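Q: Here it is, the structure in full.
The values are calculated or read from the model by the stated rules, or taken from the named source; none is laboratory data. Because the structure is a prediction, the values reported are computed rather than measured. Glycine also receives a Cβ, built like all others from the backbone with ideal geometry; neighbour counts cover every protein chain displayed.
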Amino acid sequence: MEKTANGWINGFIGVTIFAGSLPATRVAVAGLSPAFVTSARASIAALLGLAMLLLFRQPRPKAADLPSLAIGAFGTVLGFPLLTALALQHITSAQSIVFLGLLPLSTASFAVMRGGERPRAPFWAFSLVGAAVVAGYAASGGVGPSLEGNLLMLAAIVVCGLGYAEGARLTRTLGGWQVISWSLALSLPVMLPLALLTMPAAPGLVASSAWMGLAYVSVFSMLIGFLFWYRGLAQGGIAAVGQLQLFQPFMGLGLAALLLHEKVNGAMIVVTLGAVICVAGAKKFAS
């Protein structure tokens, strides 16, 4: 019972940290290129993760774990950060957060496919309705006129769900914080050179707020948040603790309004709530 409770606490802390990711990315890309933000945040987090792995003398992952680590890195280290950074050049963080209502569904769908489970028909019914709610809102112009920004966010949700599902599977054998640390380490040979190539020519001319946004997504979104998140999944169960993602859109909208003074209208809240209800229904029938 205590282990399960700790899982919920750790998972909630992780989701709270993740909720600040899109607003912080929005601030970062206002002064830095999406390529630099993506590669720099991964490189910084990878160096910190490697230091932890060496400090605690963690054994190297087995060869059989490398494909899943690579997939996880593709989804959470490269795909989601880059696609959201590109999207946030076209839409606001509040508009992008609406799409987060589909992230738990994306994660659950990949968990079903990768785990070989056979969900009942209501799972797919809820899935289609949830996707239709968000897609319909986007198509009507509710999340902004930028088709490019909307498509980038949809792609980001897909690859992030894939990364989460792979990472969650590995927590059972590698441990929670080790999964994200090894995923980051695996990406370092690519991300560090890219960060050096894309860094601004005059760093001193970049607004301090952009550097603060980069610092947040590097240390908290890319590493510390995952330490709590994967630990929570391992302690409380992937299916149960994974439902805490349902709170992330509401937290994110609140932060976007409070910190960035972005407009959060009633339609955004209604659509996000509708997607959350569909995700909760889909999860109920996932197995």
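Q: Restricted to the range 38-68, and to residues that are under 16 Å from the mean Cα position of the chain (by Cα) and within 17 Å of residue 160 (Cα to Cα), which residue is surrounded by the fewest Cβ atoms within 10 Å (Cβ to Cβ)?
A: Step one: filter the range 38-68 for residues under 16 Å from the mean Cα position of the chain (by Cα), giving 38-39, 41-42, 45.
From what's left, within 17 Å of residue 160 (Cα to Cα): 38-39, 41-42.
On the way: 38: 30, 39: 26, 41: 31, 42: 30.
Top of the filtered list is 39.
Q: How many of the residues in the range 75-109 are under 12 Å from the mean Cα position of the chain (by Cα) and polar (S, T, N, Q)?
A: 4
Q: Pairs please, first residue from the range 157-170 and assigned to a helix (DSSP H, G or I), second anywhere and of a type in the set (D, E, K, R), Cβ atoms under 9 Å, 6+ apart in sequence or on different chains.
A: 162/114; 165/114; 166/114; 169/114; 170/65
Q: Any residue in the range 181-189 that is closer than 16 Å to residue 45 by Cβ, part of a helix (DSSP H, G or I) and free of Cβ contacts under 8 Å to residues at least 40 places away in the same chain?
A: Just the residues of the range 181-189 that are closer than 16 Å to residue 45 by Cβ, to begin with: 181-189.
If we keep only those that are part of a helix (DSSP H, G or I) as well, we get 181-189.
Checking the rest, the ones that are also free of Cβ contacts under 8 Å to residues at least 40 places away in the same chain come to 189.
Scanning the range 181-189 turns up at least one residue that is closer than 16 Å to residue 45 by Cβ, part of a helix (DSSP H, G or I) and free of Cβ contacts under 8 Å to residues at least 40 places away in the same chain.
Q: Okay, next question. Just checking, which of 82, 86, 78 is under 28 Å from residue 210 (Cβ atoms), in contact with a Leu (Cβ under 6 Å, 6 or more places away or on another chain) and either among the polar types (S, T, N, Q) or surrounded by fewer than 24 Cβ atoms within 10 Å (Cβ to Cβ) (or both)?
A: Working: 82 fails: in contact with a Leu (Cβ under 6 Å, 6 or more places away or on another chain); 78 fails: in contact with a Leu (Cβ under 6 Å, 6 or more places away or on another chain).
Result: 86 is the single residue among 82, 86, 78 that is under 28 Å from residue 210 (Cβ atoms), in contact with a Leu (Cβ under 6 Å, 6 or more places away or on another chain) and either among the polar types (S, T, N, Q) or surrounded by fewer than 24 Cβ atoms within 10 Å (Cβ to Cβ) (or both).
Residue by residue, here is whether (1) within 18 Å of the chain's Cα centre (by Cα); (2) more than 19 Å from residue 130 (Cβ to Cβ) holds:
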residue	(1), (2)
224	yes, yes
229	yes, yes
244	yes, no
247	yes, no
250	yes, no
258	no, yes
272	yes, no
276	yes, no
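Q: Could you list, in sequence order, all residues of the range 241-273 that are in contact with a Phe, Trp or Tyr (Cβ under 8 Å, 6 or more places away or on another chain), of a type in the set (A, V, I, L, M) and closer than 17 Å to residue 7 by Cβ?
A: 241, 244
Q: With 223, 192 as the choices, which residue is assigned to a helix (DSSP H, G or I) and surrounded by fewer than 23 Cβ atoms within 10 Å (Cβ to Cβ)?
A: Just one listed residue meets the conditions, 192.
Q: Among the residues of the range 56-66, is any in a loop (DSSP other than H, G, I, E, B) and within 23 Å of residue 149 (Cα to Cα)? Quick ask: steps written out before the conclusion?
A: Initial filter on the range 56-66 (in a loop (DSSP other than H, G, I, E, B)): 56-62.
Now drop any that are not within 23 Å of residue 149 (Cα to Cα), which leaves none.
Within the range 56-66, none of the residues are in a loop (DSSP other than H, G, I, E, B) and within 23 Å of residue 149 (Cα to Cα).
Q: Could I ask something else about it? How many residues does the range 227-253 hold that are more than 19 Å from residue 123 (Cβ to Cβ) and either free of Cβ contacts under 8 Å to residues at least 40 places away in the same chain or not in a helix (DSSP H, G or I) (or both)?
A: So the answer is 1.
Q: Would you confirm, using the coordinates I've provided, whether residue 202 is out of contact with any Lys or Arg (no Cβ under 6 Å at 6 or more places or on another chain) and more than 15 Å from residue 47 (Cα to Cα)?
A: Details: out of contact with any Lys or Arg (no Cβ under 6 Å at 6 or more places or on another chain): yes; more than 15 Å from residue 47 (Cα to Cα): yes.
Spelling it out, residue 202 is indeed out of contact with any Lys or Arg (no Cβ under 6 Å at 6 or more places or on another chain) and more than 15 Å from residue 47 (Cα to Cα).
Q: Out of 218, 183, I need the residue that is in contact with a Lys or Arg (Cβ under 6 Å, 6 or more places away or on another chain), modelled with pLDDT of 85 or more and of a type in the set (S, T, N, Q). Which one?
A: Details: 183 fails: in contact with a Lys or Arg (Cβ under 6 Å, 6 or more places away or on another chain).
So the residue among 218, 183 that is in contact with a Lys or Arg (Cβ under 6 Å, 6 or more places away or on another chain), modelled with pLDDT of 85 or more and of a type in the set (S, T, N, Q) is 218.
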